[in-house]
1. Please give me the summed charge of the neighbours of TYR78: other residues whose Cβ is under 9 Å from its Cβ, Lys and Arg +1, Asp and Glu -1.
2. Using Cα springs under 10 Å in a Gaussian network model of the chain, which residue among ILE80, ILE55, ILE63 shows the largest mean-square fluctuation?
3. Any chance you could run the full-extension gain for ASP72 through MET106? It's 0.36 nm times the residue separation minus the Cα-Cα distance, nm to one decimal.
4. Helix-derived [θ] at 222 nm for the chain: sum -39500 (n - 2.57) over DSSP H runs of at least 4, divide by residue count, nearest 500?
5. Name the residue, out of TYR104, TYR48, TYR78, whose mean-square fluctuation peaks in a Gaussian network model built on the chain with Cα pairs under 10 Å.
6. Using the Karplus curve 6.51 cos²θ - 1.76 cosθ + 1.60 with θ = phi - 60°, what ³J(HN,Hα) values do you get for each residue of the range 18-26, in whole Hz, with x for Gly and Pro?
7. Quick one: how many Å² of VAL3 are accessible to a 1.4 Å probe, rounded to 10?
8. Per residue Cα convex hull volume for the range 5-132, in cubic angstrom?
Amino acid sequence: ADVIVATKVGNRREPGKEGWSWDPSKAYIQAAVKESLRRLGTDYIDLYQLHGGTIGDPIGETIEAFEELKRDGLIRHYGISSIRPNVIREYVRRSGIVSVMNQYSMLDRRAEEEVLPLLAEHEIGLIARGPL
């Protein structure tokens, strides 16, 4: 059976600090992928996903980081994990994402309003989060 290796980036642990800090910068993404590759024991990641994001992020810089990783062969594809339609729209418009991880279940069908039609129109996959 084929295995698809997918992981996320964006939440950063800093020594001496509790919890996580948000870091969608190009420098962090490019450093973090090397650590992920080392921990996973692989030469490339099939799907590298931005874990969250806001419209105030340096989206162009983030996209540039993913595109360079793809060009360099460290990742095959990239996507985002987001519940924010405005952020999803921006990535659909400006980037080469292949997937969006989004909250979707029988109890939470908000994705049907805006997100699913947008993804279908652009042939972008959905990874349903919390379906059960």
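The values are calculated or read from the model by the stated rules, or taken from the named source; none is laboratory data. None of the values given here were measured: they were computed from a predicted structure. Here the Cβ positions follow ideal geometry from the backbone for every residue, glycine too, while neighbour counts run over all protein chains shown. The accessibility values were calculated without ligands, DNA or RNA, using every heavy atom of the protein model including side chains. Shrake-Rupley method; radii C 1.70, N 1.55, O 1.52, S 1.80 Å.
1. Spelling it out: positives minus negatives among the neighbours equals +1.
2. Among ILE80, ILE55, ILE63, the largest mean-square fluctuation in the Gaussian network model of the chain belongs to ILE55.
3. 8.3 nm
4. -10500 deg cm²/dmol
5. Of TYR104, TYR48, TYR78, the Gaussian network model singles out TYR104 as fluctuating most.
6. Rounded to whole hertz, the list is 8, x, 10, 10, 8, 8, x, 6, 4.
7. Rounded to the nearest 10, that gives 110 Å².
8. On the way: hull volume 15.2 nm³, N = 128.
Hull volume normalised by residue count: 119 Å³.
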